[in-house]
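Before any comments, here is the structure.
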Amino acid sequence: MSDKPRKIRRQTLLHVVSREQLSPHMVRLVLGGQDFRAIEFKEDTDQYIKLLFADPSLGLEPPFDMEALRDRLPKHQMPTTRTYTIRHIDREAEQIWVDFVTHGDEGLAGPWAERAQPGDPISFFGPGSGYSPRPDADWHLLAGDEAALPAIARSVESMSLDASGLVLVEVRSEEERQQIDAPAGVEVRWLYRGADFTPETTVLADEIRRTELPPGDVQAFVHGERAQMKEIRRHLVKERGLNRKELSISAYWAYGRKEQDFQAEKKTPAGQIDDD
């Protein structure tokens with residue numbers, strides 16, 4: 001057994017500054033506080049943080065001493081993480097915006113965001129990142145469902161005015177549309193399921209199959225439900241011949257799975273997006 005000490009991950013503590021209902025199923029929380037100054041932001045546009053939530057019955061207050069809690073709590077009672085994109089960084093106000101998909105009492109982070117009030121504390125790990133639109137790409141494809149909307153919007157709004165491409169966003173209905181300030185050469189196309197997500201109602205993969213991709217250097221960012229991401233990746237790589245190195249594609253969630261189960265499955269063949 002190794003005696004190497006466990007690396008302690010830095011935890012940031014912020015507080016809710018304000019809450020905004022963006023659409024029937026999307027809530028924005030503005031978070032701020034003194035710890036903002038210590039956040040090591042990345043250059044990428046898909047920066048994400050791992051919010052920490054503890055069992056309310058334990059009476060724990062963030063930030064959490066994870067090492068001490070491991071010594072006295074069973075694994076199932078440890079604070080759990082939920083991953084969210086930073087929609088916007090306001091360096092002047094020392095605040096970040098985080099958008100949450102909500103479905104009533106379903107889930108953990110969504111219900112918390114719906115009830116959040118100014119002053120409520122929240123701690124998190126990160127940020128991490130992995131993607132930015134390349135200024136020298138000939139054309140950009142960005143696609144995803146509600147969970148990917150914050151990263152897609154932030155990425156599109158970072159593009160140069162002469163960028164070209166297509167954005168495909170699948171949402172429940174027209175009421176879920178948001179303003180995305182895209183360059184004139186980047187089309188934003190909204191896709192409506194007409195119902196909650198199921199393998200039968202989703203339309204994203206079919207729309208990508210129908211989309212004509214131009215020749216040249218195409219960079220793609222496609223994120224969303226796991227089974228759909230597997231299908232779309234196979235199509236883009238094997239049938240369309242996109243360069244794997246120019247394809248940022250991963251699952252943000254999996255239909256019928258809680259996040260802790262979804263994260264655990266990432267280490268198994270079933271949880272892998274790449275199948276070749």
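The values are calculated or read from the model by the stated rules, or taken from the named source; none is laboratory data. Quantities reported herein were computed from a predicted structural model and do not represent experimental measurements. Every residue, glycine as well, gets a Cβ built from its backbone with ideal geometry; the counts of neighbours run over all protein chains shown.
Yes/no matrix, rows are residues, columns are (1) out of contact with any helix residue (DSSP H, G or I) (no Cβ under 7 Å at 6 or more places or on another chain); (2) surrounded by fewer than 13 Cβ atoms within 10 Å (Cβ to Cβ); (3) over 19 Å from Gln178 (Cβ atoms):
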| residue | (1), (2), (3) |
| --- | --- |
| Leu14 | no, no, yes |
| Ser18 | yes, no, no |
| Phe36 | yes, no, yes |
| Glu40 | yes, yes, yes |
| Thr45 | no, no, no |
| Leu52 | yes, no, yes |
| Thr80 | no, no, yes |
| Glu106 | yes, yes, yes |
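Close Cβ contacts (under 6 Å, 6 or more residues apart or on different chains) running from residues in region 56-67 that are touching a residue at least 40 places away in the same chain (Cβ under 8 Å) to residues that are outside any loop (DSSP other than H, G, I, E, B) and hydroxyl-bearing (Ser, Thr, Tyr) comprise Pro62/Ser123; Pro63/Ser123.
Would you be able to say whether some residue in region 190-198 is aliphatic (A, V, I, L, M), part of a loop (DSSP other than H, G, I, E, B) and outside the structural domain of Thr83 (by TED's automatic domain parsing)? Taking every residue of region 190-198 in turn, at least one turns out to be aliphatic (A, V, I, L, M), part of a loop (DSSP other than H, G, I, E, B) and outside the structural domain of Thr83 (by TED's automatic domain parsing). Is at least one residue of region 205-225 basic (Lys, Arg), without any contact (Cβ under 8 Å) to a residue 12 or more places away in the chain and over 19 Å from Arg87 (Cβ atoms)? Within region 205-225 (the criterion being basic (Lys, Arg), without any contact (Cβ under 8 Å) to a residue 12 or more places away in the chain and over 19 Å from Arg87 (Cβ atoms)), the answer is yes, since at least one residue qualifies. The single condition from (1) under 23 Å from Gln34 (Cβ atoms); (2) in contact with a strand residue (DSSP E or B) (Cβ under 6 Å, 6 or more places away or on another chain) that Trp112 fails is (2).
Considering Gln178, Gln263, the condition of being at pLDDT below 95, surrounded by fewer than 19 Cβ atoms within 10 Å (Cβ to Cβ) and polar (S, T, N, Q) is satisfied by Gln263 alone. Scanning region 116-146 for residues that are buried (at least 22 other Cβ atoms within 10 Å of the Cβ), of a type outside the set (Asp, Glu) and within 20 Å of Arg82 (Cβ to Cβ) turns up Ile122, Phe124, Gly126, Gly144.
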